[in-house]
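The values are calculated or read from the model by the stated rules, or taken from the named source; none is laboratory data. A quick note: this is a predicted structure, and the numbers were derived from the prediction, not measured. Neighbour counts are summed over all protein chains in view; Cβ atoms, including those assigned to glycine, are modelled from backbone coordinates with ideal geometry.
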Amino acid sequence: MNDVRFYKFLILLNALIPLGLLAYDGYRGRLGANPLEFFLRTTGVLTLVFVLITLSITPLRKMFGWNSLIKFRRMLGLFAFFYGCVHLVTYSIFDKSLDVEAIAIDVWQRPFIAIGMLAFGMLIPLAVTSTNGMIKRLGGKRWAQLHKLIYPIAILGVVHFWMIVKSDVFYPGLFGLAVGILLAYRLLVRLKGKAASKKLVRENV
Amino acid sequence: MANDKILSSEITPEHVYLNRRNFIRTGLVAGTTLATGLTYRLFNPSAPGQPVTSDISDLKRADIPPAGDPPNSFADITNYNNFYEFSTDKLGVAKKAEALVTRPWTVEVGGLVQTPRTFDIGELLRFPQEERIYRFRCVEAWSMVIPWVGFPLKTLLGLVEPLGNTTHVAFETLYEEKVMQSSFSAGIDFPYVEGLRLDEALHPLTILATGLYGRQMPNQNGAPIRLVVPWKYGFKSIKSIVKITLTDREPPATWNIAAPDEYGFYSNVNPNVRHPRWSQATERRIGETGRRETLLFNGYADEVANLYAGMDLSKYF
């Protein structure tokens, strides 16, 4: 096994540990009095965690020069999608018993559900185009542009979390702060880049 | 340069190199999985506790018929609690509430009454206690069946003799900052306050509960004495009461202050009044997999609907 494959295996293993522990606790009846609520909340938080990890690859590469991290970014993004799927499936099958009408009413009457659905919907094209073949077919530039969708997805995800919380917004706030920092970093790099190129133009004139 | 030359003795033999790589990899697998697992456990501890409280003797069965469904387990009732003074995590309240000291304890009853009095908890526990098996419906769309022990609030109010102009009853929970170290971002103001209309307070279903499952109230469920109003959302049933005040106006209620458009003063269980977070049309009974239809007034319509005759329940929600 070469190094990249080993590290991918390592990520796979670690990314599945939370699900494994969830399943193990569930099997032992240790998810508390309301296992479904616990499972829903935990998979939702895990989705956000993987969105955050995916978003931190670029800053880590730029700040520390860890360029090879790029090899693992799509995989990490796919885990966000994976936990998002588990979250949505849990909600629609186990919470709503696949009652389409009840789900439609939920989306209509409860904005936080509509926002969650929207964020998940935006994750789908990113997951679908995550293969090497799709990058080639779309062309690197268009692919990169499409995948900027992860920014609004991250924001919507935090808003979704914030809105379901009754009054203690500590954790949604923490995720909001993290997303804010990761997005602000990109904005700053961009502004700096613009300023630098302007300076370059001025000096060359 | 001679230094460039690597002696064959200096070359790491392949098997050693591979061994070292395998060693490092094994270490990485073990180290990272352990770290990930421990991180997960840090945020999701799994060990429910069992509170130990003493038995209540001379328990009388209530003449009010019990809820038709079997009660939830003692473990579920005592490990899934909303008690924001301690924690906003329902699974975390039990542990943190261990710090609550419930002796000595007094309940000050005053306001618009003939004879204001401060009751010692010992005296309240000597009132004739009866078991009331009630459905309990949380606004978060989960529900339980709980075998409470207690006595009608009416008994207590009778002793202080409300004045003729009294219209409402206000309640207040203990606020002891030293032990009630909830998240600084709990998002509601303490002390927790609640209120009822006088006729609601005097209703025979309304009780002051001093225990459950035939034992004294566990801390996390609102020891040593709490209100239980079974036809209203759970947050109306205020815990760990230290003060009861009779008044001639609608008293403030904590969740109503925090989000008046979501939690009305009445907060009667009503499947027809929407809520922006949880569907109130159905509920998850703890211990069941599917969802049940939520009943108007939590199934106590026959007993309490007349209290609200002529009122628009979607306006006075």
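Within 14 Å of chain B (Cβ to nearest Cβ), over 17 Å from A:PHE50 (Cβ atoms) and surrounded by 10 or more Cβ atoms within 10 Å (Cβ to Cβ): does that describe A:LEU188?
no
Quick check on this structure: which one of A:PRO59, A:PRO18 is of a type outside the set (Ser, Thr, Tyr) and more than 9 Å from every other protein chain (Cβ to nearest Cβ)?
Answer to the check: A:PRO59.
Inside the range A:98-131, can you point out the residues that are more than 17 Å from the chain's Cα centre (by Cα) and more than 16 Å from A:PHE161 (Cα to Cα)?
Matches in the range A:98-131: A:LEU98, A:ASP99, A:VAL100, A:GLU101, A:ALA102, A:ILE103, A:ALA104, A:ILE105, A:TRP108, A:GLN109, A:THR131.
What residue, among those in the range A:2-15 that are surrounded by fewer than 17 Cβ atoms within 10 Å (Cβ to Cβ) and more than 8 Å from chain B (Cβ to nearest Cβ), is nearest to B:THR289 (Cα to Cα)?
The residue in question is A:LEU12.
How many of the residues in the range A:97-138 are within 26 Å of A:MET75 (Cβ to Cβ), assigned to a helix (DSSP H, G or I) and away from chain B (no Cβ under 14 Å)?
19
Taking the stated definitions as given, is A:ARG41 among the charged types (D, E, K, R), within 11 Å of another protein chain (Cβ to nearest Cβ) and in a helix (DSSP H, G or I)?
yes
Would you be able to say whether some residue in the range B:269-292 is buried (at least 19 other Cβ atoms within 10 Å of the Cβ), within 11 Å of chain A (Cβ to nearest Cβ), assigned to a loop (DSSP other than H, G, I, E, B) and in contact with a strand residue (DSSP E or B) (Cβ under 6 Å, 6 or more places away or on another chain)?
Checked the range B:269-292: at least one residue is buried (at least 19 other Cβ atoms within 10 Å of the Cβ), within 11 Å of chain A (Cβ to nearest Cβ), assigned to a loop (DSSP other than H, G, I, E, B) and in contact with a strand residue (DSSP E or B) (Cβ under 6 Å, 6 or more places away or on another chain).
Could you please give the count of residues in the range B:195-237 that are modelled with pLDDT of 95 or more, assigned to a strand (DSSP E or B) and polar (S, T, N, Q)?
1
Inside the range B:83-140, can you point out the residues that are outside any helix (DSSP H, G or I) and β-branched (Val, Ile, Thr)?
Residues satisfying the conditions are B:THR88, B:VAL101, B:THR102, B:THR106, B:VAL107, B:VAL109, B:VAL113, B:THR115, B:THR118, B:ILE133, B:VAL139.
Looking only at the range B:232-260, filter to residues that are charged (D, E, K, R) and under 26 Å from A:ASN34 (Cβ atoms); which one of those is nearest to the chain's Cα centre (by Cα)?
Selected residue: B:LYS239.
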